[in-house]
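Quick notes on the structure that follows.
The values are calculated or read from the model by the stated rules, or taken from the named source; none is laboratory data. Just so we're clear, the structure is a prediction, and the values are computed from it rather than from any experiment. All Cβ positions, even for glycine, are placed from backbone atoms using ideal geometry, and neighbour counts span all protein chains on display.
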């Protein structure tokens, strides 16, 4: 899902280079067509389908329409716009929640029900370290990511023993269009290509929860351990 994102394209290419046939999805049909052309030299079958994760009512029909059901689903869908605007305009709040949480939950419900019945399949979802503690700079986005992490934890618990794996990817900063304009520390930030390789390897190994860049495991541990009476007094970071 969302192969039109920077990370999504690199994930799609990485799977193609490993010999996997692809069905790539997204909301930008022109971008999907361009990506199909870019992926054709890999020699695998590449098919694109329009999918809007925020159009909840279309999800079952979309999945039913697939000529072949997937064995591996990778969700790279994400939405991060001006967080100040999200605090002021309910429409921006709703968009942030619908793409990052509600929409993914509804489509993943459909997919996981099919996988459970088939007793096989892998679900790989890009989450974020932003969901581990609410920070004033991005707590609306972080709340959606926290909700998704909880959802995936419950899904993993439900599907354990069914032959279906659920992998939560804990992403830190990555150089993408979504992160443009942010002050990112190069030493703690990955390129989309490097991030994609780590995502693919974690998913194929059917890991449960993976910090895609190891320093963030310890950074977030320290942030989680800060007492609330201190944390609430901290300046934006």
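So how many residues does the range 203-218 have that are in contact (Cβ under 8 Å) with a residue 60 or more places away in the chain and either surrounded by fewer than 16 Cβ atoms within 10 Å (Cβ to Cβ) or in contact with a strand residue (DSSP E or B) (Cβ under 6 Å, 6 or more places away or on another chain) (or both)?
3
Taking the range 174-201, which residues are in contact with a strand residue (DSSP E or B) (Cβ under 9 Å, 6 or more places away or on another chain), under 19 Å from residue 130 (Cβ atoms) and in a helix (DSSP H, G or I)?
Within the range 174-201, 192, 195, 198, 199 meet the criteria.
The rows are residues; the columns are (1) within 18 Å of residue 27 (Cα to Cα); (2) buried (at least 17 other Cβ atoms within 10 Å of the Cβ); (3) modelled with pLDDT under 95; (4) in contact with a helix residue (DSSP H, G or I) (Cβ under 9 Å, 6 or more places away or on another chain).
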| position | (1), (2), (3), (4) |
| --- | --- |
| 59 | yes, yes, no, yes |
| 67 | no, no, yes, no |
| 70 | no, yes, no, yes |
| 80 | yes, yes, yes, yes |
| 87 | no, no, yes, yes |
| 109 | no, no, no, yes |
| 113 | no, no, no, no |
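Could you pull out every one of the helices (runs of 4 or more DSSP H) wholly within the range 1-82 that has 3 or more residues that are more than 27 Å from residue 139 (Cα to Cα) and in contact (Cβ under 8 Å) with a residue 60 or more places away in the chain? Spell out the reasoning first.
Details: elements: 6-17, 29-39, 59-65.
Answer list for the range 1-82: 6-17.
What residue, of 234, 152, 221, is without any contact (Cβ under 8 Å) to a residue 40 or more places away in the chain and not in a helix (DSSP H, G or I)?
Values: 152 fails: not in a helix (DSSP H, G or I); 221 fails: not in a helix (DSSP H, G or I).
The match here is 234.
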